[in-house]
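Reviewing the structure listed below.
The values are calculated or read from the model by the stated rules, or taken from the named source; none is laboratory data. Worth saying up front: this structure is predicted, and the values here are computed from it rather than measured. In this analysis, Cβ positions are derived from the backbone assuming ideal geometry, glycine residues included, and neighbour counts consider all displayed protein chains. Ligands, DNA and RNA are excluded from the accessible area calculation, which covers all protein heavy atoms including side chains. Shrake-Rupley method; radii C 1.70, N 1.55, O 1.52, S 1.80 Å.
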Amino acid sequence: LLQGYAAEMDNPLMAHLISPELQNKKDILFGNMEEIYHFHNRIFLRELENYVEYPELVGRCFLDQMEDFQIYEKYCQNKPRSESLWRQFSDSVFFQECQRKLDHKLSLDSYLLKPVQRITKYQLLLKEMLKYSKNCEGAEDLQEALTSILGILKAVNDSMHQIAITGYDGNLNELGKLLMQGSFNVWTDHKKGHSKVKDLARFKPMQRHLFLHEKAVLFCKKREENGEGYEKAPSYSYKHSLNMAAVGITENVKGDAKKFEIWYNAREEVYIIQAPTPEVKATWVNEIRKVLT
């Protein structure tokens, strides 16, 4: 891909096939694929080769390089931009010519998915290896490597949702790390509200997608998109946020093991939040408690 497509975008002999709107868009189309390639080619592959005789110790290899695996997050975050560019120019003569020269059966977009598939494949490989390495040396490293890769996948997944937030005025990066995101039923009870509003609010929950950052929790409304691939990915319109410095939490709400409360400014605003399962509730309550303490 890097030689047969990316490099060809800079090839003067191919320039006449590239439409002006596509010029200088190589970074959008390929993201940091080159960085991923060099990491595997120069570093990770060589590390793996050291363990050919001791496959059960391969977990160590992942742990030593775990920081580098975060380059996948960057790739996945760029993917929606890449896909939308590809859709505009997928029938371009330039791409057809590159594909013909490479003798590829599939078009470029199938290959641009590979890094996304690769990072998800690692956890499956590690799981399989663990299955057969229960009592041998290296099993702990394999387990730790699996946990770390799952952590990276969660970060990738969370950030894919985060970049789909629309209508937030500030800079999301200033809210600190994104810790959790998920969909909930939410009831509100505002002290200052009109009594009618309060009654209405009590019965009908709102569907909200919450993003918990270190410094704030964002309430968004999810909009499903119709389309293919990333087009189908939902987007989230920002509704409001609460500064974590003024948030309090009630962990148990009478009569429902899936509900908890987030309140604001000494209970001036109260949000009753219902998770899809008691387990999801427990994870969120733990995460929020950590932030508050």
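Observations
- Only one of the listed residues (121, 114) is open to solvent by 100 Å² or more (accessible area, probe 1.4 Å) and under 16 Å from residue 1 (Cα atoms). That residue is 114.
Let's see how each residue does on (1) farther than 18 Å from residue 117 by Cβ; (2) surrounded by 15 or more Cβ atoms within 10 Å (Cβ to Cβ):
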site	(1), (2)
1	no, yes
10	yes, no
15	yes, no
53	yes, no
60	yes, yes
96	yes, no
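- For the range 171-179, the condition holds for at least one residue, the condition being that it is of a type in the set (A, V, I, L, M, F, W, C), part of a strand (DSSP E or B) and buried (at least 16 other Cβ atoms within 10 Å of the Cβ).
- Residues satisfying the stated conditions in the range 50-67, i.e. assigned to a loop (DSSP other than H, G, I, E, B) and either touching a Leu at 6+ places or on another chain (Cβ under 8 Å) or outside the structural domain of residue 151 (by the TED database) (or both): 51
- Criterion violated by residue 154 - all others in (1) out of contact with any helix residue (DSSP H, G or I) (no Cβ under 6 Å at 6 or more places or on another chain); (2) open to solvent by 20 Å² or more (accessible area, probe 1.4 Å); (3) farther than 30 Å from residue 110 by Cα; (4) modelled with pLDDT of 85 or more satisfied: (3)
- Residue count for the range 62-85 satisfying the condition of being among the basic types (Lys, Arg) and buried (at least 17 other Cβ atoms within 10 Å of the Cβ): 1.
- Some residue of the range 99-108 being in a helix (DSSP H, G or I), without any contact (Cβ under 8 Å) to a residue 24 or more places away in the chain and surrounded by 15 or more Cβ atoms within 10 Å (Cβ to Cβ): yes
- Residue in the range 198-238 that is modelled with the lowest pLDDT, counting only those that are of a type outside the set (A, V, I, L, M, F, W, C), part of a strand (DSSP E or B) and open to solvent by 30 Å² or more (accessible area, probe 1.4 Å): 223
- Which listed residue is closer than 24 Å to residue 165 by Cβ, among the aromatic types (Phe, Trp, Tyr) and within 23 Å of the chain's Cα centre (by Cα), from 271, 236, 264: 236
- Residues of the range 239-267 that turn out to be crowded, with 17+ Cβ neighbours inside 10 Å and β-branched (Val, Ile, Thr), as a count: 2
- Hey, residue 45 buried (at least 16 other Cβ atoms within 10 Å of the Cβ) and either closer than 26 Å to residue 150 by Cβ or of a type in the set (D, E, K, R) (or both) or not: no
- Tabulated pairs, the range 12-23, first assigned by the TED database to the domain that holds residue 88, second buried (at least 16 other Cβ atoms within 10 Å of the Cβ) and part of a helix (DSSP H, G or I), C-beta under 7 angstrom, 6+ apart or interchain: 14/8; 14/94; 17/94; 18/9; 18/94; 19/89; 22/89
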